[in-house]
Amino acid sequence: MIDLSCDYNIGCAPELLAALSAANDAPQATYGFDGFSARAKDKIRAAAENPGADVYLLVGGTQTNAAVLAAILRPWEGVLAAASGHIAVHESGAVEATGHKVLTLGADEYGRLSPAALRAYLRGFYADPTYPHMVRPGAVYISHPTELGGLYTAAALRELRAICDEYSLRLFLDGARLAYALASPGPDVTLPLLGRLCDVFYIGGTKCGALCGEAVVFREKQPCFFSAQKQRGALMAKGFLLGLQFDALFTDGLYLRLGRQGVDCALRLREGLRALGVPFAPESASNQQFPVLTAEQLEKLREKVRFEIWERRADGSALVRMCSSWHTTAAEIDAVLAALK
């Protein structure tokens, strides 16, 4: 069966598996103080074009979101996010469990937080004479891609940065699927741009070819984040296992190549479905596609393809998510399309 249910259902890219195997019998320094991690961090700083960036390797996305926000927010502050954002919907209240409220805003059909909506919220907040009694916004959370496959443009990110500067907010970008965003043929967002505009962002490994791991990049030094990382359960004792994976991912452009494989397959699927007259809600340029399939089409795929049902409709049709990855092949996509003909 072809599995398009998510992008983290396969082990890791062969290059990473080879690196893991080669290092298996050699003792390494613990908690990320090893040579692999040091090289990986240097390569990430170079890719982000910020030699002063502070880089940390964490175990997973939820731990990363919770640890970062707990570290950058003051006790009386909350984080602004789209109502459909991952921290607001699919993390079991992990951020709230750190003592910080997620303040949700409306977003566009792609789940993107618009600069206009952010500015309107902040103006309204500070226009309320009772705001000192409220949870103050201290950071803005966005993801690239969003939960609905939306991609930010460089212009939109610059506007968000300007608003954050105006209101003394930190800008935090969740990059769990960043390889697929960077490989998309559309937006003009690059790692160096993120390094300049975001106070902190992370480079996803788990969903982008690694067994596990996320690389957090702070624009400036964070002398106490190691302690925050450990306190939140996001520090791996065998940290070299993360370091060697990111060392491999940032060697010879592997990270972008893996992202491009996932995006190429997703766009092949999108064009094939479009040719069959299948509508989308919305139509995405990332590795996640959201077609609306009829009851007949769902039945045709039932025993051949795994995917997620996002919304069942009264007429028997359903909005589904089909998610390609670095491991998906063109042959698999063609088989999916053939099953629908």
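Read the figures in this text as sums done on the coordinates, not as results from a lab. Just so you know, these numbers come straight off a predicted model, no measurement behind them. Because the Cβ atoms are built from the backbone with ideal geometry, glycine has one as well, and the counts that use them run over all protein chains shown.
Here are some notes:
- Counting only the Cα atoms, the chain fills a convex hull of 138 Å³ per residue.
- Straight-line cross-link reach from LYS304 at under 15 Å between alpha-carbon atoms covers these aspartates and glutamates, not counting any fewer than eight positions away in the same chain: ASP3, GLU296, GLU332, ASP334.
- Calculated FRET value between ALA18 and ASP128, using beta carbons and R₀ = 56 Å, to 0.05: 0.45
- Least to most buried among TYR31, TYR126 (fewest other Cβ within 10 Å first): TYR126, TYR31
- Using the Cβ-Cβ distance between LEU276 and VAL135 with R0 set to 51 Å, the FRET efficiency works out to roughly 0.60.
- Here the range 14-253 is assigned +1 on the Cβ of each Lys and Arg and -1 on the Cβ of each Asp and Glu. Its dipole about the Cα centre then comes out at about 420 debye.
- In the range 14-253, lysine pairs with alpha-carbon atoms under 25 angstrom apart (chain gap of 8 or more, or interchain): 14
- Karplus-based coupling profile of the range 318-333, in residue order and whole Hz: 8, 7, 10, 10, 10, 10, 8, 8, 4, 9, 5, 10, 4, 5, 5, 4, with θ = phi - 60° in 6.51 cos²θ - 1.76 cosθ + 1.60 and x standing for Gly or Pro.
- Annotation: lysines with alpha-carbon distance below 18 angstrom to LYS300 (same-chain offsets under eight excluded): LYS341.
- Distance from the alpha carbon centroid of the range 138-161 to that of the range 259-337 works out to 24 angstrom.
- A Förster radius of 30 Å combined with the Cβ-Cβ distance from THR153 to ASP252 puts the calculated FRET efficiency at roughly 0.60.
- Report note on the peptides 313-323, 49-59: ranked by the mean count of other C-beta atoms within 10 Å, highest first, their order is 49-59, 313-323.
- The phi-based Karplus calculation (6.51 cos²θ - 1.76 cosθ + 1.60; θ = phi - 60°) puts the 3J(HN,Hα) values of the range 5-13 at 6, 6, 10, 9, 10, 10, x, 7, 4 Hz, whole numbers, x for Gly and Pro.
- Listed peptides 224-231, 202-209, 128-135 appear in the order 202-209, 224-231, 128-135 once ranked by packing, highest mean of other Cβ atoms within 10 Å at the front.
- Radius of gyration and maximum dimension Dmax of the range 209-256, Cα, Å: 12.3, 34
- Average Cα contact separation per residue, the chain, under 8 Å, 6 or more apart, as relative contact order %: 25
- Projecting the Cα atoms of TYR126, PHE246, ALA67 onto the charge dipole of the range 14-253 (Cβ charges, centred on the Cα centre) puts TYR126 farthest toward the positive pole.
- For the range 177-278, relative contact order (Cα pairs under 8 Å, six or more residues apart, normalised by length) works out to 33 percent.
- The chain, helix-only ellipticity at 222 nm - DSSP H runs n ≥ 4, -39,500 (n - 2.57), divided by all residues, nearest 500: -12000 deg cm²/dmol
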